[in-house]
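First comes the structure, then the notes that go with it.
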Amino acid sequence: QVQLVESGGGLVQAGESLRLSCAVSGSIFRSLLMGWYRQAPRKQRELVASITSGGTTNYADSVEGRFTISRDNAKNTVYLQMNSLKPDDTAVYYCYTRRGADYWGQGTQVTVSS
């Protein structure tokens, strides 16, 4: 079993920044591919960013250059630094990993006002 707990969401104005954190249970964190997804109202859940165990990152075109995913293996935590936020970034953000099965966090709301 893998447990994911997100934190760091909130309400900000356009142009501001937020940092999301996802704490992962267990001692296998360093071997896990980690991802951040988001789901806006009436839209499908979409991949925002991912990071492999080796640190290779991947971003959705819509956030490239504004968002940065990183991981701290000593803290079993993955981060999503979000800069220059836009109203279109408003969504529930979910932490994700896969280890045999898919594991999701409970989600954290990010709201960006114009």
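The values are calculated or read from the model by the stated rules, or taken from the named source; none is laboratory data. Keep in mind that what you see is a predicted model, and the values were worked out from it rather than measured. In this analysis, Cβ positions are derived from the backbone assuming ideal geometry, glycine residues included, and neighbour counts consider all displayed protein chains. Quick note on the areas: whole protein, heavy atoms, side chains included, nothing else; ligands and nucleic acids left out. Shrake-Rupley method; radii C 1.70, N 1.55, O 1.52, S 1.80 Å.
For segment 46-80: of the residues being open to solvent by less than 50 Å² (accessible area, probe 1.4 Å) and free of Cβ contacts under 8 Å to residues at least 12 places away in the same chain, which is farthest from R30 (Cα to Cα)?
Step by step, filter segment 46-80, then rank; the result is Y59.
One line per residue, one yes/no per condition, for (1) more than 15 Å from T97 (Cβ to Cβ); (2) not in a strand (DSSP E or B):
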site: R19; (1), (2): yes, no
site: R30; (1), (2): no, yes
site: W36; (1), (2): no, no
site: S50; (1), (2): no, no
site: D61; (1), (2): yes, yes
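Determine, yes or no, whether V12 is part of a strand (DSSP E or B) and more than 11 Å from the chain's Cα centre (by Cα).
For V12, the condition - part of a strand (DSSP E or B) and more than 11 Å from the chain's Cα centre (by Cα) - is met.
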